[in-house]
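The values are calculated or read from the model by the stated rules, or taken from the named source; none is laboratory data. Source: prediction; values computed, not measured. Here the Cβ positions follow ideal geometry from the backbone for every residue, glycine too, while neighbour counts run over all protein chains shown.
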Amino acid sequence: MLLLKCPKCKNNMKYNSMDGYIVGKSKRCVYCGRSFKVRDNIVKKL
């Protein structure tokens, strides 16, 4: 389980990656709808 922080609205989202590799992929924020590239500085492991 990973914790992502949206760079626009700063809300936290939980994400469960099937392959365990998410850095470099695009993710859409469930709160504001903005798409962003996932980088190391916004991923936290739970």
- Message: Please verify whether Val30 is surrounded by 10 or more Cβ atoms within 10 Å (Cβ to Cβ), modelled with pLDDT of 80 or more and β-branched (Val, Ile, Thr), treating the condition exactly as stated.
- Response: yes
- Please enumerate the residues belonging to region 13-27 that are of a type in the set (S, T, N, Q) and loosely packed, with under 12 Cβ neighbours inside 10 Å. Asn16, Ser26
- Considering only region 3-38, state which residues are in contact (Cβ under 8 Å) with a residue 24 or more places away in the chain and not in a loop (DSSP other than H, G, I, E, B). Leu3, Leu4, Lys5, Lys14, Phe36
